[in-house]
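Worksheet: the structure to be examined is printed underneath.
The values are calculated or read from the model by the stated rules, or taken from the named source; none is laboratory data. All values derive from a computational prediction rather than experimental measurement. Note that each Cβ is placed from the backbone with ideal geometry, even for glycine, and that neighbours are counted across all protein chains shown.
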Amino acid sequence: MIVVARFSFPHEAHIAKASLDSAGIESYIADEYTVNTQWLYSDAIGGVRLMVAEEEAYEACQLLNSDFSESVESEADVIEESKDICPHCGSSNLVVYTKGKRPAFLVFLLLGFPLFFYKHGYKCNECGMFSEKL
(Lines give C-alpha, C1' and ligand atoms only; values in the text may rest on other atoms or scores of the structure.)
Protein backbone atom coordinates (compact mmCIF):
# COMPACT_ATOMS: atom_id res chain seq x y z
CA MET A 1 0.00 0.00 0.00
CA ILE A 2 1.14 3.51 -0.80
CA VAL A 3 -0.13 6.90 0.39
CA VAL A 4 -1.71 8.90 -2.44
CA ALA A 5 -3.18 11.76 -0.39
CA ARG A 6 -3.17 13.24 3.10
CA PHE A 7 -6.02 15.17 4.71
CA SER A 8 -6.46 17.19 7.88
CA PHE A 9 -9.92 15.82 8.61
CA PRO A 10 -11.46 12.35 8.11
CA HIS A 11 -14.50 13.61 6.18
CA GLU A 12 -12.20 14.94 3.45
CA ALA A 13 -10.56 11.53 3.16
CA HIS A 14 -13.95 9.84 2.89
CA ILE A 15 -14.94 12.11 0.00
CA ALA A 16 -11.73 11.22 -1.84
CA LYS A 17 -12.22 7.51 -1.02
CA ALA A 18 -15.73 7.66 -2.50
CA SER A 19 -14.28 9.09 -5.72
CA LEU A 20 -11.78 6.26 -5.92
CA ASP A 21 -14.41 3.64 -5.08
CA SER A 22 -16.65 4.92 -7.88
CA ALA A 23 -13.74 4.42 -10.30
CA GLY A 24 -13.20 0.87 -9.07
CA ILE A 25 -9.98 1.62 -7.18
CA GLU A 26 -9.85 -0.06 -3.77
CA SER A 27 -8.54 2.28 -1.09
CA TYR A 28 -8.10 2.43 2.67
CA ILE A 29 -8.08 5.28 5.18
CA ALA A 30 -5.37 5.25 7.84
CA ASP A 31 -5.21 7.22 11.12
CA GLU A 32 -8.86 8.24 10.86
CA TYR A 33 -9.69 7.27 14.45
CA THR A 34 -6.54 8.84 15.86
CA VAL A 35 -7.44 12.18 14.30
CA ASN A 36 -11.07 11.83 15.42
CA THR A 37 -9.91 11.24 18.97
CA GLN A 38 -7.19 13.89 19.10
CA TRP A 39 -7.67 16.24 16.16
CA LEU A 40 -4.83 18.48 17.37
CA TYR A 41 -2.41 15.66 16.52
CA SER A 42 -3.49 15.63 12.87
CA ASP A 43 -0.56 17.66 11.57
CA ALA A 44 1.92 15.96 13.90
CA ILE A 45 1.14 12.45 12.58
CA GLY A 46 0.80 13.53 8.96
CA GLY A 47 -2.97 13.77 8.86
CA VAL A 48 -5.44 11.18 7.67
CA ARG A 49 -3.82 9.09 4.96
CA LEU A 50 -5.58 7.68 1.90
CA MET A 51 -3.80 4.53 0.73
CA VAL A 52 -4.08 2.39 -2.41
CA ALA A 53 -2.19 -0.55 -3.90
CA GLU A 54 1.09 0.43 -5.56
CA GLU A 55 -0.05 -0.66 -9.02
CA GLU A 56 -3.12 1.62 -8.82
CA ALA A 57 -1.30 4.64 -7.33
CA TYR A 58 -0.78 6.52 -10.61
CA GLU A 59 -4.42 6.15 -11.68
CA ALA A 60 -5.62 7.17 -8.20
CA CYS A 61 -3.44 10.30 -8.21
CA GLN A 62 -4.71 11.24 -11.67
CA LEU A 63 -8.32 10.87 -10.52
CA LEU A 64 -7.82 12.81 -7.28
CA ASN A 65 -6.09 15.65 -9.13
CA SER A 66 -8.73 15.88 -11.88
CA ASP A 67 -10.78 19.03 -12.31
CA PHE A 68 -14.48 18.28 -12.82
CA SER A 69 -15.66 21.90 -12.79
CA GLU A 70 -16.65 21.78 -16.49
CA SER A 71 -19.01 18.88 -15.76
CA VAL A 72 -20.62 20.79 -12.92
CA GLU A 73 -21.07 23.91 -15.08
CA SER A 74 -22.74 21.94 -17.88
CA GLU A 75 -25.14 20.33 -15.38
CA ALA A 76 -25.99 23.78 -14.01
CA ASP A 77 -26.85 24.93 -17.54
CA VAL A 78 -29.25 21.99 -17.93
CA ILE A 79 -30.91 22.82 -14.62
CA GLU A 80 -31.37 26.46 -15.63
CA GLU A 81 -32.95 25.42 -18.93
CA SER A 82 -35.55 23.28 -17.17
CA LYS A 83 -36.80 26.04 -14.86
CA ASP A 84 -40.40 25.83 -13.72
CA ILE A 85 -43.00 28.38 -14.72
CA CYS A 86 -46.04 29.71 -12.90
CA PRO A 87 -49.25 27.96 -14.05
CA HIS A 88 -51.24 31.20 -13.61
CA CYS A 89 -49.16 33.84 -15.42
CA GLY A 90 -46.32 31.89 -17.08
CA SER A 91 -43.54 33.70 -15.21
CA SER A 92 -40.37 31.86 -14.19
CA ASN A 93 -39.81 34.18 -11.20
CA LEU A 94 -40.72 31.61 -8.51
CA VAL A 95 -39.54 31.13 -4.93
CA VAL A 96 -39.97 28.23 -2.53
CA TYR A 97 -42.76 29.13 -0.13
CA THR A 98 -44.57 27.54 2.81
CA LYS A 99 -48.23 28.55 3.00
CA GLY A 100 -49.76 28.65 6.48
CA LYS A 101 -46.50 28.67 8.42
CA ARG A 102 -47.39 31.71 10.53
CA PRO A 103 -50.83 30.45 11.67
CA ALA A 104 -49.27 27.07 12.51
CA PHE A 105 -46.64 28.81 14.62
CA LEU A 106 -49.31 30.87 16.43
CA VAL A 107 -51.31 27.73 17.19
CA PHE A 108 -48.14 26.16 18.57
CA LEU A 109 -47.56 29.17 20.83
CA LEU A 110 -51.17 29.28 22.06
CA LEU A 111 -51.87 25.57 22.50
CA GLY A 112 -48.39 24.33 23.29
CA PHE A 113 -48.36 21.62 20.64
CA PRO A 114 -48.03 21.85 16.88
CA LEU A 115 -50.85 21.43 14.40
CA PHE A 116 -49.27 20.98 11.01
CA PHE A 117 -51.73 22.43 8.53
CA TYR A 118 -49.29 24.25 6.29
CA LYS A 119 -48.40 23.43 2.67
CA HIS A 120 -45.09 23.50 0.85
CA GLY A 121 -44.97 24.85 -2.68
CA TYR A 122 -43.93 27.79 -4.82
CA LYS A 123 -45.00 31.43 -4.86
CA CYS A 124 -44.83 33.53 -7.99
CA ASN A 125 -43.18 36.91 -7.44
CA GLU A 126 -45.04 38.37 -10.44
CA CYS A 127 -48.69 37.49 -9.71
CA GLY A 128 -48.37 36.41 -6.05
CA MET A 129 -50.18 33.09 -6.61
CA PHE A 130 -49.23 29.97 -4.62
CA SER A 131 -49.07 26.55 -6.22
CA GLU A 132 -48.17 23.23 -4.64
CA LYS A 133 -47.01 21.46 -7.79
CA LEU A 134 -45.55 22.71 -11.02
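Some points to look at:
- Scanning the stretch 33-50 for residues that are crowded, with 18+ Cβ neighbours inside 10 Å and not in a loop (DSSP other than H, G, I, E, B) gives V35, V48, R49, L50.
- Residues that are modelled with pLDDT of 75 or more and surrounded by fewer than 11 Cβ atoms within 10 Å (Cβ to Cβ) within the stretch 107-124 comprise L109, L110, L111, G112, listed in sequence order.
- Tally of residues being small (G, A, S) and in contact with an Asp or Glu (Cβ under 8 Å, 6 or more places away or on another chain) across the stretch 1-24: 3
- Any hit, the stretch 95-105, residues being within 30 Å of V4 (Cα to Cα) and either part of a helix (DSSP H, G or I) or at pLDDT below 70 (or both): no
- Of all residues in the stretch 9-32, those satisfying the criterion of being in a helix (DSSP H, G or I) and aliphatic (A, V, I, L, M) are A13, I15, A16, A18, L20.
- Scanning the stretch 25-46 for residues that are over 25 Å from F68 (Cα atoms) and in contact with an Asp or Glu (Cβ under 7 Å, 6 or more places away or on another chain) yields one hit, I45.
- Any hit, the stretch 63-77, residues being modelled with pLDDT of 80 or more and either on the phi > 0 side of the Ramachandran plot or assigned to a helix (DSSP H, G or I) (or both): yes
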